[in-house]
Each structure stands twice: as C-alpha cells, then as structure tokens.
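The values are calculated or read from the model by the stated rules, or taken from the named source; none is laboratory data. Just so it is clear, the model here is predicted, and its values are computed rather than measured. Cβ atoms come from the backbone with ideal geometry, glycine included; neighbour counts cover every protein chain shown. Heads up: the accessible areas ignore ligands, DNA and RNA and are worked out on the full protein's heavy atoms, side chains in. Shrake-Rupley method; radii C 1.70, N 1.55, O 1.52, S 1.80 Å.
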Amino acid sequence: MSETKIILGSEEWCSFPDLGIPSIKARVDSGAKTSALHAINIAPFVRDETNWVKFDINPIQNNVRTTIHCEAKLIDKRIIKSSNGFREQRYVIQTQLNLGDHSWDIELTLTNRDSMGFRMLLGREAMMGRVIVDPEEQYLLKEPTEEFLTELYKGAVKEKSGLHIGVLASNPELYSNKRIMEAGEMRGHEMHFLNIKECYIKLDAKKPEIHYRGGKILNQFDAIIPRIRPSATFYGCALTRQFEALKVFCLNSSSAITQSRDKLYSLQLLLNHGVDIPTTGFANSPLDTDDLIKMVGGPPLIVKLLEGTQGKGVVLAETKKAAESVINAFKSINANILVQEFIKEANGKDIRCFVIDGKVVAAIQREALPGEFRANIHLGGTASLIRVTSEEKKIAIKAAKAMDLKVAGVDIIRSSKGPLLLEVNSSPGLEGIEGATNIDVAGKMIKAIEKHFKL
C-alpha cells in the first residue's frame, strides 16, 4: 500500500466544512454502495448558470430544533433503492469530508433519514482505497461530548414561540406521528402527543372539558391533528368533535373523518361531486348474486367488505364461480359488501396523491408485490416517483374537497376509460410518500395550520 489506511469503527463522527456542518455522527457501512446525508426541504436552483441544490439538515439525531441550511453544486440525479425497498430519485452533491485529521471529496445523495438511526451513512464508494472498517469498534477517531455539541450548535437552535398543537393518535412510535411531531417542533411549535385511549370527555352545558390521564384538563391547545386509525374511528371522532366544541382548530374535522370512513357514503359523495369511480355494486347478503355480478361487467371483479381496511377484506374473483363463492361466504356472516369492476390494465399499480389544503403536495406510484392485485405499502408493495397529470391532480383535489378534508390521501387508478378514483384516506401514512419523494409532507401539514392562524 502506498499509504496507511484509516481504521474506522462502525460509527464515527465527521464534518463537512463546505456545507457548514461542524460535526455529525455517521453509520460506517461497507454494505451500502453510496453515501447518504439527511436532508429536508430540498430544492434545486440555478446560480451563475450552474445547477445547485439547497436543503436543511438536523445534524443531531432526535433533535429537530437544531437546523443548518446548506447549499451545494448539484452533480447528478439518480434513482436509488433504499434499505426499506423504496425507489427514489435523489439529488447528488460532491463535498469535502473531514474524518479526524483526514479529508477528501466524496459524493453524497440527499434523502430524508428521519426513520433511520443515523443522519449520515458512509458507503463503500467514499471509503474505497482509504479506509478499513473494524465493525467491533466505535468512535476510533473521537467522540464529542454532549456539552461540546451543545456549544457547537447553540446558534442553530430555534426557540419555541409558536402554537400549542396536539397529535391525536394511538401510537407515538408510528413513523407518521413521529414526523408530524418533529416537523411541528422544527417550526417552533409546542407539540404534544395525545393517546386517544387516554383521553376522556366531560359533557357539560357551561363547562365542557377533555381530560387526559391523571386528570389533566386539555385546555391549552390551539390546534389538533387527528390521526385516527380505523378501529378507533368512533371514539377518535367523538374526541375531535369535543375539541371542535372547545373552539380548537382541527386539521381534519370530525364530520369529514366520519364520512371518509364510510366506504359507501364516501363513494356516493364523490359521484355527486362528479368524480369518476370504477363501476360498483353494493348489497347486504344479496339473494340475486348473478345480477350483482353482471351489474359491474362480470368477472374478474373485486369483492370488498364494507368494513375492511388496508387491503384486508378485499378479494379478487377471477371467474364467475369464484365471485359467487366469495359473495356467498360473505352472506354467511351477514356482511355489507361492495362489488367493483377490476381494472386489469392498471397491472397492480395505483397512484397516491397527498392533498393538503386544496393542493397536491406530493404523489407516488404504488406497485403490488408479484402475485398480488392490490398496490398497498402495508402489504409489502413498493413506492416510486411518478409525474401525475393535470387531470389526476384535479380529481385528487376535487375528491378531497368533496369529502371536506384538508389533509387527504387520494388513491387513483389509471384505466382505459381514464383516471378513476379508488379511495380517499383521512389519515394517510407519510413514510412511503416522504421516502419516495424526499418532500417534507409533515412540514406542509404544519404550514396548513400556520396558514389558518395567519402566521
């Protein structure tokens, strides 16, 4: 060897002087080809006829109040498959890496790493010919103290001076809920996670209240973001109605959430507002199975339980005999069912448009696993970037408006008849869409609240 290689542990602290990042912890991973840096609010721009990109970074894990604004020349855009299986287009920059007393230029892809354990991933391309990794060791170069980091980043900490915002949900560890909490804190708001099961209501003509565990009265909130799972719809909407009675702004209203959870009513509402859907039949344990099948054009067709969620209770019947068997099976449990035409040309793909305050802020294409007919991230499907048409955007916006939802995940399928609306979700997940698009969707939800308060 012409020079001695640097020995690194599985975790090391490094810096990027040209980006103004004085210290950041990196996962050293020779199994990953490319290096990645956590980035949010990513936006390309042109300076002196050269392509640049600007972005924000929270360099310390689990600390969204510490923010650094960075700018760098853009050298490439690439499709990268991340460790969680999402294919995403990432911006690529080149910048100087400092590791202890050593420095050299490396390529970095920019991506939202909020769901990862490290803000920085050092891949093998950046280490080639320079580094040996000892996976049993950590911080072989140097580990900064908490006090040093506090002093180093004291100018990058945003003071809290904003609204009191509650996230009304069931699981504080869910990616979407964590991201909304972090996004609110990053924008200077005081965020509180409110577990639906630990809230209870005092109904009183003169002094209505909502109490929380330990008897705490929840009277300090400016806004609530309801994130109500389907199994908690009744109680979660009751709590949301109580907050509305207390004049607290709710990002999605209780009535909008309630009607979005009624699959039949929501489809009727959408049709009344001129939104096209696949031909659908509805019945309660029908006797005339044959006519119900003919009504939607015959097999193949989709049979859905009215109460099903996230792909559960949804069956593809490829033949008339199969359709009759499924419908008769649902008859035996006296179930309400939807029978819907199957859009074969969609090939297991659909489009999720994320609508906030009347605008499509992000969109992805979701693709089902081989052998599955329904594109669903919860069932292991994949998400990728897609450019939606103006017609698809109009459908998404019209659907959210028809349901009276300020925040909605609108699912659209491309058919030979044009785009058709499948479903409108009042508590859409953020992980797939943020991972694939690199868009700070959680931050845009917080901005919608700020807009309401004219901040």
Sole exception among (1) modelled with pLDDT of 95 or more; (2) open to solvent by 60 Å² or more (accessible area, probe 1.4 Å); (3) out of contact with any helix residue (DSSP H, G or I) (no Cβ under 8 Å at 6 or more places or on another chain); (4) not hydrophobic (A, V, I, L, M, F, W, C) for residue 207, by number: (1)
Scanning region 304-325 residue by residue, those open to solvent by less than 30 Å² (accessible area, probe 1.4 Å) and either modelled with pLDDT under 85 or of a type in the set (Phe, Trp, Tyr) (or both) turn out to be 304, 306, 308, 311, 313, 314
Residues in region 10-22: is at least one on the phi < 0 side of the Ramachandran plot, outside any strand (DSSP E or B) and crowded, with 19+ Cβ neighbours inside 10 Å? yes
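Yes or no, residue by residue, for (1) among the basic types (Lys, Arg); (2) under 34 Å from the mean Cα position of the chain (by Cα); (3) within 12 Å of residue 27 (Cα to Cα):
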site	(1), (2), (3)
97	no, yes, no
103	no, no, no
116	no, yes, yes
128	no, no, no
135	no, yes, yes
141	no, no, no
Going through region 101-139 in order, the residues found to be at pLDDT 90 or above, surrounded by 15 or more Cβ atoms within 10 Å (Cβ to Cβ) and assigned to a strand (DSSP E or B) are 106, 107, 108, 109, 110, 120, 121, 122, 131, 133
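Matching residues to (1) of a type in the set (A, V, I, L, M); (2) assigned to a helix (DSSP H, G or I); (3) surrounded by fewer than 20 Cβ atoms within 10 Å (Cβ to Cβ); (4) at pLDDT below 85:
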site: 354; (1), (2), (3), (4): no, no, no, no
site: 387; (1), (2), (3), (4): no, no, yes, no
site: 392; (1), (2), (3), (4): no, yes, no, no
site: 399; (1), (2), (3), (4): yes, yes, no, no
site: 404; (1), (2), (3), (4): no, no, yes, no
Right, residue 39: crowded, with 20+ Cβ neighbours inside 10 Å, under 15 Å from residue 14 (Cα atoms) and small (Gly, Ala, Ser) or not? no
Filter region 414-455 for residues that are hydrophobic (A, V, I, L, M, F, W, C) and open to solvent by 20 Å² or more (accessible area, probe 1.4 Å); the one that is modelled with the lowest pLDDT is 455
